[in-house]
């Protein structure tokens, strides 16, 4: 079954210095952009993370400090990378939990205003886990009857991810070959996440709630009333929440404040002022 595209889909994979979205950095990124006309474009680059790459991570993907010493910093690479991706939707393997949050964090770190919030995200791993419950290597063997020769090489993993997605569309008749459906289908279970890390979510009533810790399940507005300092602590430099999470929380708090301001409209203020003036005139 051919993938139906209204706009481009960028299948990508990231290798990094580790798995901590807030602290680790990208060391390699590969993108295959699938265009609606059936053509493909490729982008691949090593990235100098600006921090040492731990040996235990080097043992996994084979990228050490020496290999990236002459590679561009992400700040240097990001304009070219994001120009290549353009307005494409994004797909990857475990990308909703790792690759997309990591990319968003790196973009915010270099003050790149590139908007990721209005895109569809297809997570091939989530589709796979809902159907078969396996790893990428097993998925590649199961769906494509092939072995990944260089696992944890970003381009090889990207190629494998793309082929697995195509094979999934061929195998499962209940999968629609369009990004809107695949994005919805590959979302994780539970509340609708507001941020990539899942620290904030939207409940069944549409309210943004904290999705962890002592205030789990409580709306941001409720916590603002019960513990006003919690928001300040959350977004402070001393916490390791991802920058994207902090940004989404700030947007929600700003929305709440704006809504409260609009409720207290100038007319209501004027009416109250007139009432007070009339009271003291008497």
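The values are calculated or read from the model by the stated rules, or taken from the named source; none is laboratory data. Because the structure is a prediction, the values reported are computed rather than measured. Cβ atoms come from the backbone with ideal geometry, glycine included; neighbour counts cover every protein chain shown.
The numbered conditions (1) more than 30 Å from residue 72 (Cβ to Cβ); (2) modelled with pLDDT under 95; (3) in contact with a helix residue (DSSP H, G or I) (Cβ under 6 Å, 6 or more places away or on another chain) are all true for residue 116 except (1).
Does residue 181 qualify as being out of contact with any helix residue (DSSP H, G or I) (no Cβ under 9 Å at 6 or more places or on another chain) and either buried (at least 17 other Cβ atoms within 10 Å of the Cβ) or in the same structural domain as residue 137 (by TED's automatic domain parsing) (or both)? Against the criterion (out of contact with any helix residue (DSSP H, G or I) (no Cβ under 9 Å at 6 or more places or on another chain) and either buried (at least 17 other Cβ atoms within 10 Å of the Cβ) or in the same structural domain as residue 137 (by TED's automatic domain parsing) (or both)), residue 181 qualifies. Only residues that are in contact with a helix residue (DSSP H, G or I) (Cβ under 6 Å, 6 or more places away or on another chain) and either closer than 29 Å to residue 94 by Cβ or buried (at least 20 other Cβ atoms within 10 Å of the Cβ) (or both): list them for region 201-233, please. Scanning region 201-233 gives 208, 215, 220.
Residue 148: under 25 Å from residue 43 (Cα atoms) and in contact with a helix residue (DSSP H, G or I) (Cβ under 8 Å, 6 or more places away or on another chain), yes or no? Break it down into steps so the answer makes sense when it comes.
Numbers: under 25 Å from residue 43 (Cα atoms): yes; in contact with a helix residue (DSSP H, G or I) (Cβ under 8 Å, 6 or more places away or on another chain): yes.
Against the criterion (under 25 Å from residue 43 (Cα atoms) and in contact with a helix residue (DSSP H, G or I) (Cβ under 8 Å, 6 or more places away or on another chain)), residue 148 qualifies.
Those helices (runs of 4 or more DSSP H) of region 196-282 in which 1 or more residues are modelled with pLDDT under 90 occupy 243-263, 266-281.
Residues that are farther than 30 Å from residue 6 by Cβ, in contact (Cβ under 8 Å) with a residue 60 or more places away in the chain and under 21 Å from the mean Cα position of the chain (by Cα) within region 29-81 are absent altogether. When we screen 167, 139, 160, 104 for residues that are assigned to a helix (DSSP H, G or I), touching a residue at least 24 places away in the same chain (Cβ under 8 Å) and within 30 Å of residue 218 (Cβ to Cβ), the only hit is 104. The condition of being in contact (Cβ under 8 Å) with a residue 60 or more places away in the chain and either more than 27 Å from residue 245 (Cβ to Cβ) or not assigned by TED's automatic domain parsing to the domain that holds residue 103 (or both) holds for residue 197.
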